[in-house]
1. Within region 24-42, does at least one residue satisfy the condition of being in contact (Cβ under 8 Å) with a residue 12 or more places away in the chain, closer than 21 Å to Ile142 by Cβ and among the small types (Gly, Ala, Ser)?
2. Can you confirm whether Lys94 is of a type in the set (Lys, Arg), in contact (Cβ under 8 Å) with a residue 40 or more places away in the chain and under 19 Å from Thr127 (Cα atoms)?
3. Within region 108-140, how many residues turn out to be of a type outside the set (D, E, K, R) and part of a loop (DSSP other than H, G, I, E, B)?
4. I'd like to check something: does region 43-62 contain any residue that is within 28 Å of Phe149 (Cα to Cα) and under 19 Å from the mean Cα position of the chain (by Cα)?
5. One residue is enough: does region 29-49 have a residue meeting the conditions touching a helix residue (DSSP H, G or I) at 6+ places or on another chain (Cβ under 7 Å), in a loop (DSSP other than H, G, I, E, B) and more than 26 Å from Thr128 (Cβ to Cβ)?
6. May I ask you to say which residue of Ala143, Ala147 is part of a strand (DSSP E or B), touching a His at 6+ places or on another chain (Cβ under 9 Å) and surrounded by 19 or more Cβ atoms within 10 Å (Cβ to Cβ)?
7. Which count do you get for residues in region 50-87 that are at pLDDT 95 or above, under 30 Å from Val123 (Cα atoms) and in a helix (DSSP H, G or I)?
8. Restricting to region 88-107, name every residue that is surrounded by 19 or more Cβ atoms within 10 Å (Cβ to Cβ) and not in a loop (DSSP other than H, G, I, E, B).
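The values are calculated or read from the model by the stated rules, or taken from the named source; none is laboratory data. None of the values given here were measured: they were computed from a predicted structure. Note: ideal-geometry Cβ built from the backbone for every residue, glycine included; neighbour counts use all protein chains shown.
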Amino acid sequence: MLECVSLDEMKKRVGSPLGQSDWLTIDQDRINRFADCTGDHQWIHVDEEKAAQGPFGKTIAHGFLILSLIPQFSFEHGLVPEGATMAINYGLNKVRFVNPVPVGSRIRDVMTLTGVEEKAGRVLVATTHTLELEGSDKPACIAETLAMFFL
């Protein structure tokens, strides 16, 4: 659930963990629907028979599918500055796809507030997301996202 806090409180929390999301299973239906939306039907994602013979032994999720789940996860533990009337995705500072996500795997997001910058009537918030892959020492993805809140 999103937490509404004062701007001063947000600034005090920079560098602090915000929490972790629930686990989410990445199934073939989700992968196929993402492929349909993006037009990326590469065999490693959608051809279960061919992927079974490939390097991972099964299909894997698109990296951008995993990245696209960050907004969903953010609603579980994100911060919103008091007085915000709207927010937009402002961009990404850095994204790394560290580990493939095989079909049937579970991921979760560990979020850390990494920056808060005031601008005229707006607040730019940076959050680092470490998308953990259950059972693996290496995360699936690490990304720093930017959200612009309008006050």
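1. Scanning region 24-42 turns up no residue that is in contact (Cβ under 8 Å) with a residue 12 or more places away in the chain, closer than 21 Å to Ile142 by Cβ and among the small types (Gly, Ala, Ser).
2. Values: of a type in the set (Lys, Arg): yes; in contact (Cβ under 8 Å) with a residue 40 or more places away in the chain: yes; under 19 Å from Thr127 (Cα atoms): yes.
The answer is yes for Lys94.
3. The initial filter retains those residues of region 108-140 that are of a type outside the set (D, E, K, R), namely 110-116, 120-121, 123-131, 133, 135-136, 139-140.
Of the ones still in play, those that are also part of a loop (DSSP other than H, G, I, E, B) are 120-121, 135-136, 139-140.
Residues that pass the stated criteria total 6.
4. Applying the first criterion (within 28 Å of Phe149 (Cα to Cα)) to region 43-62 yields none.
Within region 43-62 (the criterion being within 28 Å of Phe149 (Cα to Cα) and under 19 Å from the mean Cα position of the chain (by Cα)), the answer is no, since none of the residues qualifies.
5. Yes: one or more hits.
6. On the way: Ala147 fails: touching a His at 6+ places or on another chain (Cβ under 9 Å).
Residue meeting the stated conditions: Ala143.
7. Counting residues in region 50-87 that are at pLDDT 95 or above, under 30 Å from Val123 (Cα atoms) and in a helix (DSSP H, G or I) gives 7.
8. The one that is surrounded by 19 or more Cβ atoms within 10 Å (Cβ to Cβ) and not in a loop (DSSP other than H, G, I, E, B): Ile107.
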